[in-house]
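Data block below; observations after.
The values are calculated or read from the model by the stated rules, or taken from the named source; none is laboratory data. What you see is a predicted model; the values in this text were computed from it and never measured. Virtual Cβ from ideal backbone geometry, glycine too; neighbours counted across all protein chains shown.
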Amino acid sequence: MADFTDKPGYSFAPGPPPEASRFFRNKGLRPSFSWQDVEPEEHAVAFAVAKAAHIDVLTTIRGELQTALDEGLPFAQFQKSLRPRLEELGWWGYGEARDTTTGAVKPARLGTPRRLRVIYNANIRSARAAGQWDRIQRSKAALPYLQYRLGPSERHRPHHETKDGLILPVDDPFWARWYPPNGWGCKCWIRQLTRAQAQRLGIDRSPNVPMREVENTRTGEIKQIPVGIDPGWERNPGQLRQRAMEDMLADKLAAAAPDIAQVAARDIATSWRVQRMFAGEQPGAVPVAVLSDELQAVLGASTRVVRLRDDVAGQIRAKHPEVDADVMRRFVDAMHVGPAAIERVGDRETLLFFVPGARPWMLAIKHLADRGELWIKTAQRSTDRRWLAKTRRPGVSVVRE
């Protein structure tokens, strides 16, 4: 067994969780000179080790960590296998390392038993935490609450101690910041609870998260992080990874040729993932449609990609359980070529679409111009008469018949 503590409130199968293994395996490589060179957003998608600027060193360390994660190896076995390989590569003891920012070669302490333990603990715990977050999101309909628990350390950080036993809903914003591990050597963990368990133990109010200023001495950048959390550990790695995937998918859809983008949007909107979002079983946000170039120009939007959030999908499904893949396909096509209007109220813009058929729909799309985003807001049943009445209201202008 590995010498770290990670105790999810349930287990479906023995052995290392596949979500954690997949999270780590899919990372890229990020050469760096200092831990301050890599932000949490980058750590979520890339593997980095301070003073490891050579790809062969990074690849070797990552390979041994992957094996340790997949096979549940303890630190002693990880170190026994990795140390001689790093010595062969010249990455051990005192040596020199190239600063990836300035290009200067500087004296540096490279591999040591203590550094290997830090690398092992930090990466194994982060991967398992991200994997657990994936499982939490998939099972939150049955286990909708999380409880913060302290690990087996002899001494606990005071701010971590004050969180012990805290129970909040899975989707509470608190977990975006305070999701363990929350620092170097932190062994805090999360327990997932049923609604009945949470009610019996007592559900808490979402606490204030006081912030402090921290300077990155490498770049001079000042950023705000929660009091009690070490710099570099202030973000939930599972959430960051998911957001990176969603942004990349939207970027690829935006860059595709119109005919390809339209087919891809239909595929995404009718996929199992979107259907699970409507069922409340899949978190996040996905691009589900693309506007025509003409409509994007009329709206003055900086993007043509329309996204759907899981909470909005849930609200639509609660009122209209009949929404399925066929309905979503109709939505996609309507947003591309169907009747459209723009409703302007103050500085807010809503794009309206009529979805014709035996049972018509009306879609409302929020245009967040300051953020360059388009989001599905609502979907509701309509008729030809209602659509006509809507487009004749003050502040509403038809832009496509």
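Annotations for the structure displayed:
- For region 191-222, a tally of residues being touching a Pro at 6+ places or on another chain (Cβ under 9 Å), surrounded by 14 or more Cβ atoms within 10 Å (Cβ to Cβ) and more than 24 Å from Gly131 (Cα to Cα) returns 5.
- Among the criteria (1) in contact with a helix residue (DSSP H, G or I) (Cβ under 9 Å, 6 or more places away or on another chain); (2) surrounded by 15 or more Cβ atoms within 10 Å (Cβ to Cβ); (3) closer than 20 Å to Gln239 by Cα, the one Leu150 does not fulfil is (3).
- Where a residue in region 154-174 is aliphatic (A, V, I, L, M) and its partner, wherever it lies, is in a loop (DSSP other than H, G, I, E, B), with Cβ under 7 Å and at least six apart: Leu166/Asp204; Ile167/Gly202; Ile167/Ile203; Ile167/Asp204; Leu168/Asp204; Leu168/Ser206; Val170/Lys140; Val170/Pro144
- Residue identified as surrounded by fewer than 15 Cβ atoms within 10 Å (Cβ to Cβ), farther than 19 Å from Thr378 by Cβ and free of Cβ contacts under 8 Å to residues at least 12 places away in the same chain among Asp293, Asp267: Asp267
- Number of positions in region 120-134 that are more than 14 Å from Cys188 (Cα to Cα) and surrounded by fewer than 21 Cβ atoms within 10 Å (Cβ to Cβ): 1
- For region 186-218, the set of residues classified as within 23 Å of the chain's Cα centre (by Cα), closer than 27 Å to Arg115 by Cβ and assigned to a loop (DSSP other than H, G, I, E, B) consists of Cys186, Lys187, Cys188, listed by residue number.
- Checking Ala97 against (1) closer than 30 Å to Pro18 by Cα; (2) touching a residue at least 60 places away in the same chain (Cβ under 8 Å); (3) surrounded by 17 or more Cβ atoms within 10 Å (Cβ to Cβ), the condition it does not meet: (1)
- Filter result (hydrophobic (A, V, I, L, M, F, W, C), surrounded by fewer than 18 Cβ atoms within 10 Å (Cβ to Cβ) and within 14 Å of Leu363 (Cα to Cα)) within region 311-338: Val337
- Flag if Ala129 is in a helix (DSSP H, G or I), small (Gly, Ala, Ser), free of Cβ contacts under 8 Å to residues at least 60 places away in the same chain and over 22 Å from Asp311 (Cβ atoms): no
- Scanning region 100-115 for residues that are without any contact (Cβ under 8 Å) to a residue 40 or more places away in the chain and under 23 Å from Phe24 (Cβ atoms) turns up Gly111, Thr112, Pro113, Arg114, Arg115.
- Among the numbered conditions (1) over 32 Å from the mean Cα position of the chain (by Cα); (2) surrounded by 17 or more Cβ atoms within 10 Å (Cβ to Cβ), the only one that Lys377 does not meet is (1).
- When region 194-225 is limited to residues that are free of Cβ contacts under 8 Å to residues at least 60 places away in the same chain and touching a helix residue (DSSP H, G or I) at 6+ places or on another chain (Cβ under 7 Å), the one that is farthest from Tyr145 (Cα to Cα) turns out to be Val209.
- There is no residue in region 169-190 that is more than 20 Å from Ala129 (Cβ to Cβ) and in the same structural domain as Thr102 (by TED's automatic domain parsing).
- Count of residues meeting criterion [in contact (Cβ under 8 Å) with a residue 40 or more places away in the chain and assigned to a strand (DSSP E or B)] in region 368-387: 9
- Some residue of region 356-367 being modelled with pLDDT of 90 or more and either in a helix (DSSP H, G or I) or of a type in the set (Gly, Ala, Ser) (or both): yes
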